[in-house]
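Enquirer: Just dropping this structure here.
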Amino acid sequence: MNATFNKNSVQRLILVRHSLPEKIAKLPARDWPLSAEGRERSELLAQRLANFQPSTITASNEPKAIETAQIIAQKFNQSVEVFAGLNEHNRSNLSFIEEKKFIETLTTFFTTPDELVMGLETATQAHQRFQQAVENIIAKTPTGDVMIVSHGTVMTLFIAAFTGKQPFYFWQQLEHPMAIVLALPNLKLLEIITVKSRQIEV
């Protein structure tokens, strides 16, 4: 989607999904760092975000999100604030899950949001926790863009709640990394920015 808004006329929420992690089977996903390719992709996304004006750059406390945020923050000569409420859906009790099984389980997770399908949070609980964190960050940022680096599942839950998009379908389209830009305060979807040529349906 090519946005036609004046980049200086509206405060925006920029939700960034972390870049490509290095998957280490002996570590839980929350502890994965960025891969070398992930760091390169973060640099590319930082270039595409250069025209924004973030007053704050905040990340979850997971390494892959912090690293992504730090690379982007360098573009703006800013520091990164870490906020635990922005973490991914809590799966801290799970070991490495084979991708096919994970996707099958995630389908059920999105379609039965009030049931504990996997991990330690229902979809509803993860969404409420993430939304509260986002609202708290916005509340203390009266001017300038708000940039948040987080994770695919909680970002999907948040976006789906405000746009009516089908969560699993939207999640399938996500890339590592990418940015979803919404206008404040109404959270109208303005633009999706990726490091690839493929456009995501909005």
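Enquirer: Taking the Cα centre as origin and putting +1 on Lys and Arg beta-carbons and -1 on Asp and Glu beta-carbons, what dipole magnitude results for the chain, to the nearest 20 debye? Could you put the intermediate results ahead of the total?
Expert: Details: 20 positive and 20 negative charges, 75 e Å.
Charge dipole, the chain, about its Cα centre: 360 debye, nearest 20.
Enquirer: May I ask for the angle, rounded to the nearest 10°, between helix 36-48 and the longest principal axis of the chain, with both axes built from Cα atoms and the value confined to 0 to 90°?
Expert: 30
Enquirer: For the chain, which whole percent of the accessible surface, found with a 1.4 angstrom probe, sits on carbon and sulfur atoms?
Expert: 49
Enquirer: Identify which of GLY38, GLY119, GLY152 has the largest mean-square fluctuation in a Gaussian network model of the chain, with springs joining Cα atoms closer than 10 Å.
Expert: Highest fluctuation of the listed residues: GLY119.
Enquirer: Where q = 0.13, 0.17 Å⁻¹, what log10 of I(q)/I(0) comes from the Debye formula for the chain, counting one point per Cα?
Expert: The Cα Debye sum returns log10 ratios of -0.66, -1.19.
Enquirer: Grab the chain and count how many Lys pairs have their alpha-carbon atoms under 18 Å apart, sequence gap of 8 or more, or different chains.
Expert: Lysine pairs meeting the criterion: 9.
Enquirer: In nm, what is the difference between 0.36 nm times the number of residues separating ASN61 and VAL82 and their Cα-Cα distance?
Expert: Gain on stretching ASN61 to VAL82: 7.0 nm.
Enquirer: Treat every Asp and Glu Cβ in the range 64-122 as -1 and every Lys and Arg Cβ as +1, leave all other atoms uncharged, and give the resulting dipole magnitude about the Cα centre to the nearest 20 debye. Mind dumping the intermediate values first?
Expert: On the way: 5 positive and 9 negative charges, 49 e Å.
For this selection, approximately 240 debye.
Enquirer: So between ASN136 and PHE162, what do we pick up on full extension, going 0.36 nm a residue minus the alpha carbon distance?
Expert: Full extension from ASN136 to PHE162 adds 7.6 nm.
Enquirer: Where is the GNM fluctuation largest for the chain (alpha-carbon springs, 10 angstrom cutoff): ASP145, ASP31, ASP114?
Expert: Highest fluctuation among the options: ASP114.
Enquirer: Taking 7 Å along the Cα-to-C-beta vector as the label spot, tell me the THR143-ILE103 distance in nanometres, rounded to one decimal.
Expert: 4.7
Enquirer: Quick one: accessible area per residue over the range 20-102, 1.4 Å probe, rounded to a whole number of Å²? Don't skip to the end; give the middle numbers.
Expert: Details: 4480 Å² over 83 residues.
In whole numbers, the range 20-102 has 54 Å² accessible per residue.
The values are calculated or read from the model by the stated rules, or taken from the named source; none is laboratory data. Source: prediction; values computed, not measured. Every residue, glycine among them, receives a Cβ derived from its backbone with ideal geometry; neighbour counts consider all protein chains shown. Each accessible area value is taken on the protein alone, full model and side chains, heavy atoms only, with ligands, DNA and RNA left out. Shrake-Rupley method; radii C 1.70, N 1.55, O 1.52, S 1.80 Å.
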